[in-house]
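Below is one structure, written out as structure tokens; the observations come after it.
Quick note: the coordinates plus some simple rules give every number you see, no bench work behind them. Here the structure is a predicted model, which means the values were calculated and not measured. Note: ideal-geometry Cβ built from the backbone for every residue, glycine included; neighbour counts use all protein chains shown.
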């Protein structure tokens, strides 16, 4: 009778986040040797897998779209903390770190996560089906946020270079929060049915299609372990940052590529969760995760950076360069054509993945 709880306590999904957090406490702020860097990398990978597991438990308890929202907000809040911490540390490229990381997050979510989910879903179920109303609303919000916060700074004339004036930055921050809040209300209250997953036959997925939801206590435990795992993921990613920066410099990649690596690491939980959802014919859940993460990355990061800029020294570069704007424009057009029909094949998924590959290639060879 006692073996069940003991087994759960000693489950890898419990042990790994705790060990990762302990490792983070011992390595934070220290220069670590190569062998310990390998251990940190393994703990980072384990924490990512544990985070996905606990996110699915929470999502099963609260249902969609709340489950996707919990993971997107949790990851983004910690991502903001990582960006601010790295910017406070200064160093080359820190003035554009927020822009590079947020833009990378948009490209990874809107092309990488969407592309992977569509390919997995189309391979398994021939045609993927999702709710065009909900996905379209999410995409429209992402496009507006990206334009306000990443495109307009390049063309504003209040300051030389791709920067906002304090007043412009304040407006962008407030507008971001308003848009994000309006979307969350729409997604979870007013039009929740627009964001519920559909099967390949176009039917709404019922919660009772699978095993019953976990208890409230189990969901709360998983929520706590999810936060621990996410803190460990982002914290260990920061611990690995010096090694990442050294590796980037050693191979001759641009300094901006550090932001891409950070975004890739931070978005691993969402990528894995979206892939699992797609394999179970839940493409709408995958799109909720992808567009929700892109939206949170902009809508929460920019206000936080705007607030942090009060005490941060140096310029804050937010405007995209010409190459980045072209990639963003093509991504917007392709995403609209993908979302509007409410169904997609593996072709659309491959197109998105090619766009992600172009982004990664040009980040290495600008």
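Data table
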{"item": "Rounded FRET efficiency, nearest 0.05, which uses the C-beta distance separating residue 15 from residue 340 and R0 of 51 Å", "result": "0.65"}
{"item": "Directionally averaged shadow of segment 96-142, computed from the convex hull of its alpha-carbon atoms, nm²", "result": "3.6 nm²"}
{"item": "Stokes-Einstein D for segment 3-364, Kirkwood Rh over Cα pairs, 4 °C, 1.567 mPa s (µm²/s)", "result": "62 µm²/s"}
{"item": "Centre separation in Å (Cα based) which lies between segment 320-366 and segment 103-160", "result": "9 Å"}
{"item": "Two-site FRET efficiency, residue 182 against residue 333, from Cβ-Cβ distance with R₀ of 25 Å, rounded to 0.05", "result": "0.55"}
{"item": "Proxy reagent accessibility, fewest Cβ within 10 Å first, across 57, 364", "result": "364, 57"}
{"item": "Pair residue 45, residue 77: separation of 7 Å Cα→Cβ label points (nm)", "result": "3.0 nm"}
{"item": "Distance (nanometres) between label positions extended 7 Å along Cα→Cβ at residue 31 and residue 126", "result": "6.2 nm"}
{"item": "Paramagnetic reach from residue 323 in segment 231-249 [backbone N under 20 Å; point 7 Å along Cα→Cβ]", "result": "245-249"}
{"item": "Estimated distance in nm for a label pair at residue 354 and residue 251, the labels positioned 7 Å out from Cα along Cα-to-Cβ", "result": "2.4 nm"}
{"item": "Nearest-0.05 FRET efficiency for residue 38 and residue 310, computed from C-beta distance (R0 35 Å)", "result": "0.35"}
